[in-house]
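The values are calculated or read from the model by the stated rules, or taken from the named source; none is laboratory data. Since the structure is predicted, the reported quantities are computational estimates derived from the model, not experimental observations. When we count neighbours, we look across all protein chains shown, and the Cβ atoms used for this are built from the backbone with ideal geometry, even at glycine. The accessibility values were calculated without ligands, DNA or RNA, using every heavy atom of the protein model including side chains. Shrake-Rupley method; radii C 1.70, N 1.55, O 1.52, S 1.80 Å.
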Amino acid sequence: MATTPRVAPAHRHVLAPVPPHMTAAQFRAHGRAVVDWVADYWERVESLPVRSSVVPGEVRAQLPAEPPETGEPFEALLADMDRIVVPGSTHWQHPGFLAYYPSGASGPSALAELLISGLGMQGMLWQTAPACTELEQLVLDWLAGLIGLPERFTFAGGGGGVVQDGASTAMLIALLAALQRASRGQVARAGVERGRYVVYTSAEANCGFEKATRITGLGSSAIRFVDTRADLSMDPTALRTAMAHDAADGRIPVLVMATIGTTSTGAVDPVPLIGPVCREFGAWLHVDAAYAGVAAMCSELRWINEGVADFADSYATNPHKWLLTALEFDACYLADRSALTDVLSVLPEYLRNSATESGAVVDYRDWQLPVGRRFRALKLWAVIRWYGASGLREHIRYSMSAAQQFAAWVEADDRFDVLAPHPLSVICFRLRAADDVNRALLDAVNATGRVLLSHTMVRGQFALRVAIGGCATRLEHVATAWQLLSEWADIVAGPN
């Protein structure tokens with residue numbers, strides 16, 4: 001006997017209340033207030049202590065333990081910026097910030113960040129964001145031309161650039177590509193074979209390299225830290241000895257990372273001498289030029305990229321350091337992009353589309369670790385269009401001249417020694433006294449709140465370190481740093 005199918009009774013669906021989204025009119029009003037706040041901050045930041053005096057936990061203690069149940073006026077957030085965030089911050093945009101490396105936050109870059117957020121674009125595929133993809137290709141080709149990279153690092157030359165969040169991620173993807181090439185594709189399928197592969201870098205290289213080896217599964221034991229020469233650059237002879245030893249033991253030299261502008265001292269590894277060693281052993285050469293690479297847009301500094309055109313497989317530089325572009329922005333270039341896309345490309349059905357299948361487009365999700373990606377290229381596009389190539393060169397040259405003037409002041413004072421060559425804008429120096437006296441000098445100068453210096457170790461000696469290149473830093477701020485150092489030097493050293 002046939003049965004009549006049961007049909008659920010019709011129910012009227014009740015919609016939830018509409019969320020309290022910010023209207024266009026509210027956004028205009030609050031947006032103007034935010035722009036005014038940032039502009040006011042930039043104008044007054046010099047009057048603030050560079051480094052915050054808060055103690056651990058102090059910022060959080062001023063904030064409510066639970067989130068608000070109902071929305072608050074946007075003015076309350078701006079008030080807390082003044083009351084809590086600013087006093088609890090180290091001010092990287094202070095003109096006296098001479099520690100670490102600069103963090104670019106120029107006007108055009110900050111405004112571009114607003115455009116990026118407003119567009120809310122997700123650039124994982126060309127199809128999801130054609131302008132995001134093609135503008136990134138264009139801007140990175142522009143930068144390649146400005147700093148003199150070879151055509152093979154451009155899209156027209158068969159390679160190409162991609163924006164990563166930082167140089168450490170660029171190291172990681174270069175290492176993944178190198179492992180894919182060295183294993184003939186086995187790494188993507190079966191993983192890394194323990195103890196088989198080794199990598200090399202200078203003892204002065206960025207610590208992000210060790211993180212990359214851990215993430216890939218190679219482990220820290222796969223790294224060979226190569227000795228340096230008198231100028232703190234990698235020793236090519238020591239590199240060859242290390243690679244020959246590993247090859248004789250049956251290991252495969254996968255990658256060498258040379259550095260143009262080391263984090264600690266700004267040393268420049270000799271790529272023209274390292275490159276042939278890499279070729280001899282079939283190793284991938286990655287050039288980490290995070291800090292210094294952009295300086296090559298100045299003709300007199302183009303020498304820093306010597307050897308890159310002939311030998312490098314990948315290259316990375318950070319416009320978010322010296323090129324006035326807001327975090328996060330690393331420009332990473334590959335001569336053979338297929339080595340990277342082969343290891344990172346995973347295509348589920350829900351991402352399949354005709355543009356990808358045509359092979360005529362770039363899908364940047366295959367060039368990075370996450371699937372999603374922001375429209376970061378808009379920041380550098382805005383910076384280049386506002387300053388022009390000539391304006392960017394002026395910024396680099398000004399930083400260079402201020403740094404060399406600081407070095408001249410140090411070298412002329414018989415109380416101090418410069419500890420490392422300073423071809424760019426990083427100066428490492430120390431008082432002719434014990435390490436504890438130099439630490440006291442650093443602490444005393446930083447405690448004034450007028451400048452902030454960092455430190456490092458150079459050949460086992462404690463060194464004070466100045467890095468010049470911030471958006472607002474002028475010669476008078478560098479002169480203030482030297483004046484404070486000079487005044488405090490005798491105080492901390494005490495009587496002879």
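Explain nothing, just compute: Karplus ³J(HN,Hα) = 6.51 cos²θ - 1.76 cosθ + 1.60, θ = phi - 60°, for every residue of the stretch 91-97 in order, whole Hz, x for Gly and Pro.
After applying 6.51 cos²θ - 1.76 cosθ + 1.60, I find 8, 5, 9, 5, x, x, 6 Hz.
As an exercise, identify the trypsin sites (Lys or Arg not before Pro) in the stretch 173-251 lying in DSSP coil whose Cβ has no more than 16 other Cβ atoms within 10 Å.
Hits after loop and neighbour filter: 184, 194, 196, 229, 251.
When the helix-only estimate is applied to the chain (DSSP H runs of n ≥ 4, each -39,500 (n - 2.57), divided by the residue count), what is the mean residue ellipticity at 222 nm, nearest 500 deg cm²/dmol?
-13000 deg cm²/dmol
Compute the distance from the alpha-carbon center of the stretch 131-162 to that of the stretch 185-247, in whole Å.
With the stretch 131-162 and the stretch 185-247 each reduced to a Cα centre, they are spaced 28 Å.
Leaving out ligands and nucleic acids, and using a 1.4 Å probe, what accessible area per residue does the stretch 349-480 come to in Å²?
On a per-residue basis, the stretch 349-480 sits at 43 Å².
Can you find, among 216, 98, 421, the residue sitting farthest towards the positive end of the charge dipole of the chain, where Lys and Arg contribute +1 and Asp and Glu -1 at Cβ?
With unit charges placed on the Cβ atoms, the residue in question is 216.
Show me, for the stretch 197-210, the HN-Hα J-couplings you get by feeding each phi into the Karplus relation (A = 6.51, B = -1.76, C = 1.60, θ = phi - 60°), rounded to Hz, glycine and proline as x.
10, 9, 9, 9, 7, 6, 5, 9, 6, 5, 5, x, 5, 5
Using the Karplus curve 6.51 cos²θ - 1.76 cosθ + 1.60 with θ = phi - 60°, what ³J(HN,Hα) values do you get for each residue of the stretch 366-375, in whole Hz, with x for Gly and Pro?
Values per residue, Gly and Pro as x: 7, 10, 8, 7, x, 7, x, 7, 7, 8 Hz.
With a ≥ b ≥ c the root eigenvalues of the C-alpha gyration tensor of the stretch 308-380, is it rounded (a/c under 1.5), prolate (a/b larger than b/c) or oblate? Don't skip to the end; give the middle numbers.
Working: a/c = 2.49, a/b = 1.43, b/c = 1.74.
In terms of gyration-tensor shape, oblate.
Here are a few candidate values for volume of the Cα convex hull per residue in Å³: (i) 150; (ii) 140; (iii) 219. Which one was actually calculated from the structure I just gave you?
Recomputing volume of the Cα convex hull per residue in Å³ here gives the entry labelled (iii).
Rounded, prolate or oblate: which fits the stretch 18-127, taking a ≥ b ≥ c as square roots of the Cα gyration tensor eigenvalues, rounded meaning a/c under 1.5, else prolate when a/b beats b/c?
Values: a/c = 1.75, a/b = 1.21, b/c = 1.45.
Oblate shape, in that a/c is at least 1.5 and b/c is the bigger or equal ratio.
Please give the per residue accessible area of the stretch 127-286, computed with a probe of 1.4 Å over protein heavy atoms only, in Å².
38 Å²
For a quick check of your reading of the filter: which trypsin sites (Lys or Arg not before Pro) in the stretch 398-496 sit in a DSSP loop and have no more than 14 other Cβ atoms within 10 Å?
Passing both the DSSP loop test and the Cβ count: 415, 432, 459, 474.
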